[in-house]
Amino acid sequence: MGPDVKIAEPGRRKSKSWIGKQGNSHIWKALYMPSLSRTVHDPETGRFYEYLKKWKGNPTVALVAVQGKMSGLMFSLWKNEQMYGVKD
């Protein structure tokens, strides 16, 4: 579900990662701008994004990781029938 990050590591040599075409392109498009906005307005997500961007050297891979976190959060909220940010 969603964007699909591919990493080619033949043997000991590490190569760059890229976005594969296995994932659902509609989910990728729907989560793109919200994930960018979340990296700017949510300090925790912003730190996570900056760390991954620095570690991987590729902002797109970091953004895909943020999208994965967002999709997991949305699924959890939907499954538990909860509202985001509302305390019981």
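The values are calculated or read from the model by the stated rules, or taken from the named source; none is laboratory data. This is a predicted model, so every value here is computed, not measured. Heavy atoms of the whole protein, side chains included, go into the accessibility calculation; ligands, DNA and RNA do not. Shrake-Rupley method; radii C 1.70, N 1.55, O 1.52, S 1.80 Å.
Some points to look at:
- In terms of Cα atoms, the Rg and Dmax of region 47-88 work out to 13.3, 40 Å.
- Accessible surface of Lys29 - all protein chains present, 1.4 Å probe, nearest 10 Å²: 140 Å²
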